[in-house]
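Taking it in order: structure first as structure tokens, then the write-up.
The values are calculated or read from the model by the stated rules, or taken from the named source; none is laboratory data. Just so it is clear, the structure is predicted and the values come from calculations on it, not from any experiment. Positions of Cβ are generated from backbone atoms using ideal geometry, with glycine treated the same way; all protein chains shown enter the neighbour counts. Areas reflect the complete protein model, heavy atoms only, side chains present, ligands, DNA and RNA absent. Shrake-Rupley method; radii C 1.70, N 1.55, O 1.52, S 1.80 Å.
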Amino acid sequence: MRVAVVGAGTMGQGIAAVLAAAGHEVTVVDTADRLPGSLARIASRQPAPPSPVSGTPELADAVASAALVIEAVPEDLGLKLGVLAAISAATGPDAIIATNTSSLPLDRLATAVVHPERFLAAHFFHPAETIPGVEVARAEQTGQHAVDEVLRVLSAAGKEPIEVAACVGFVANRLQLALFQEALACVEEGVITPADLDAVVRRTMGVRLPAYGPFAVADMAGLDVYRSILTVLHEQYGDRFAVPERITAMVEAGRLGAKAGAGFFEYADADQLAVRRDAVYRRILGAVT
Ligand SMILES: NC(=O)c1ccc[n+]([C@@H]2O[C@H](COP(=O)([O-])OP(=O)(O)OC[C@H]3O[C@@H](n4cnc5c(N)ncnc54)[C@H](O)[C@@H]3O)[C@@H](O)[C@H]2O)c1
């Protein structure tokens, strides 16, 4: 497939590298002064593509015959609207156009695209050639064909795309930035230094997260335990820690998590789960220490 990546900076380089390594014919678009450096960095990324990525400063040339165009210019609404309009004007009507935006509203960006049923978000994570997850989000008018095709291309390239509903910041950035805000609050309050806070994250919850997300971790801790902790934190820190109604309802219904056989997920054997979990944590620790 012919792919054009518009904006060959931090993200565009990684996206170009991963799609070229999957056998696609990739052209990147950037300013003439930036292109040589971008192409050199793409060539040095792993895994090495079977054929080299090409580059041009001429957007229309690059996107005219592309079946998929990925926009990865800086996070500026006006800039992205202009670039998406130019892409849309220069591609065939069937070409799929994906934005790598981190936070801009998709429906607003979609206004720049003619035939918006082919427009969606494919939100990669840095470094794009290494991090498996890609959030795929549809704007209101995005067609199923565009979603299916992007999911197929990403999966075939070794990525693990995850569909999310379009919302500002999607999911990963909302989580990441919420953690960052609280981390910074701890530092500002003089509770800990940035280096020690990073150590707390790496050596506690960070050991779990490659294997278990927040819902699985909550189920393993016990939702009754979470409710108790949140009650105390709420008193001290205010509404951002208020016990969610859903947690109260689940606790009252006996869905306490793994130990009760059900929480957010169902559990046949909590003891077996604990044995598997501990083995996974030891492997993770072995891989990072
Ligand atoms: N950096 C990250 O960790 C990260 C992660 C996920 C998503 N994103 C998103 O990816 C997008 C790109 O971010 P980045 O970090 O790669 O930015 P960057 O500044 O590293 O790269 C952007 C590139 O776009 C080029 N560019 C600017 N205007 C252009 C135009 N009109 N035509 C062609 N190229 C143009 C720039 O010269 C630059 O090389 C943003 O929307 C950002 O929010 C970034």
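Cα axis of helix 77-90 to longest principal axis of the chain: angle in degrees, 0 to 90, nearest 10?
Tilt relative to the chain: about 50 degrees.
Please list, ordered by chain and number, the residues whose modelled amide H lies under 5 Å from the amide H of residue 262; skip anything fewer than 5 residues away on the same chain.
Those qualifying (amide H under 5 Å, at least 5 residues apart or on another chain) are 256, 257, 267.
Round to the nearest 10 and report in Å² the accessible area of residue 1, as given by a 1.4 Å probe over the protein chains' heavy atoms.
Roughly 70 Å² of residue 1 is accessible to a 1.4 Å probe.
Show me the three semi-axes of the equivalent ellipsoid for the stretch 125-178, from the C-alpha gyration tensor (sqrt of 5 times each eigenvalue), largest first, rounded to whole Å. Let's see the in-between values first.
Numbers: eigenvalues 71, 60, 8 Å².
Semi-axes, largest first: 19, 17, 6 Å.
Residues with beta-carbon under 15 Å from that of residue 101, excluding residue 101: net charge, scoring Lys, Arg +1 and Asp, Glu -1?
Neighbour charge sum, excluding residue 101 itself: -1.
Nearest 0.05, what FRET efficiency do residue 230 and residue 41 give at R0 = 51 Å with Cβ-Cβ as r? Each step should come with its number before you reach the end.
On the way: r = 45 Å, r/R0 = 0.88.
After rounding, the FRET efficiency stands at 0.70.
Send over a whole-number figure in Å² for the accessible area per residue of the stretch 204-288, probe 1.4 Å.
Numbers: 5470 Å² over 85 residues.
Heavy-atom SASA per residue in the stretch 204-288 reads 64 Å².
Enumerate the calculated ³J(HN,Hα) couplings along the stretch 142-159 in order (Karplus 6.51 cos²θ - 1.76 cosθ + 1.60, θ = phi - 60°), each rounded to whole Hz, writing x wherever the residue is Gly or Pro.
Those phi angles translate into 4, x, 4, 4, 5, 5, 4, 5, 5, 4, 5, 5, 5, 4, 5, 8, x, 8 Hz.
Can you tell me the convex hull volume per residue for the stretch 248-289, based on C-alpha atoms, in Å³ to the nearest whole number?
On the way: hull volume 3.2 nm³, N = 42.
Given the Cα convex hull of the stretch 248-289, per-residue volume reads 76 Å³.
For the stretch 2-165, which semi-axes, largest first and in whole Å, follow from the square roots of 5 times the eigenvalues of its Cα gyration tensor? Walk me through the intermediate numbers first.
On the way: eigenvalues 93, 63, 40 Å².
So the three semi-axes of the stretch 2-165 are 22, 18, 14 Å.
Just read off the accessible area of residue 150 with the full protein assembly in place, 1.4 Å probe, to the nearest 10 Å².
Taking all protein chains as shown, residue 150 has close to 10 Å².
So what's the net charge close to residue 132: Lys and Arg +1, Asp and Glu -1, counting the other residues with Cβ under 13 Å from its Cβ?
On the way: positive: 159; negative: 129, 135, 160.
Charge balance near residue 132 sits at -2.
Which of the GluC sites (Glu not before Pro) found in the stretch 47-137 are loop residues per DSSP with 14 or fewer other Cβ atoms within 10 Å of their Cβ?
Values: sites: 58, 71, 75, 117, 129, 135; in loops: 58, 75, 129.
Of the GluC sites (Glu not before Pro), the ones in loops of the stretch 47-137 whose Cβ has at most 14 other Cβ atoms within 10 Å are 58, 75.
Mind putting together the pair-distance distribution for the chain? All Cα pairs, 10 Å bins, whole percent per bin, short to long.
P(r) over the chain, rounded to whole percents: 6, 23, 27, 22, 16, 6, 0.
Report the equivalent ellipsoid semi-axes for the stretch 174-289 in whole Å, largest first, defined as the square roots of five times the eigenvalues of the gyration tensor built from alpha carbon atoms.
Values: eigenvalues 130, 102, 19 Å².
Working from the Cα gyration tensor, I get semi-axes of 26, 23, 10 Å.
Tally Lys/Arg at +1 and Asp/Glu at -1 over every other residue whose Cβ is under 15 Å from the Cβ of residue 184; what's the total?
Details: positive: 240; negative: 182, 188, 189, 196, 198.
Combined, the nearby Lys, Arg, Asp and Glu give -4.
Tally up the carbon and sulfur contribution to the accessible surface of the chain as a whole percent, 1.4 Å probe, everything protein left in place. Don't jump to the answer; show the numbers that get you there.
Values: 8800 of 15220 Å².
Percent of accessible area from carbon and sulfur atoms in the chain: 58.
Keeping all protein chains in place, calculate the accessible area per residue for the stretch 2-165 (probe 1.4 angstrom), answer in Å².
The answer is 42 Å² per residue.
If you take every DSSP beta bridge fully contained in the chain, what fraction is antiparallel? Give it as a percent rounded to 5. Mind dumping the intermediate values first?
Details: 6 of 31 bridges.
Here the share of antiparallel DSSP bridges comes out near 20 percent.
Just to check I understand the Karplus step: with θ = phi - 60° and J = 6.51 cos²θ - 1.76 cosθ + 1.60, what whole-Hz values come out for the stretch 57-68, glycine and proline as x?
Values, residue by residue: x, 8, 4, 4, 5, 6, 8, 4, 10, 7, 8, 9 Hz.
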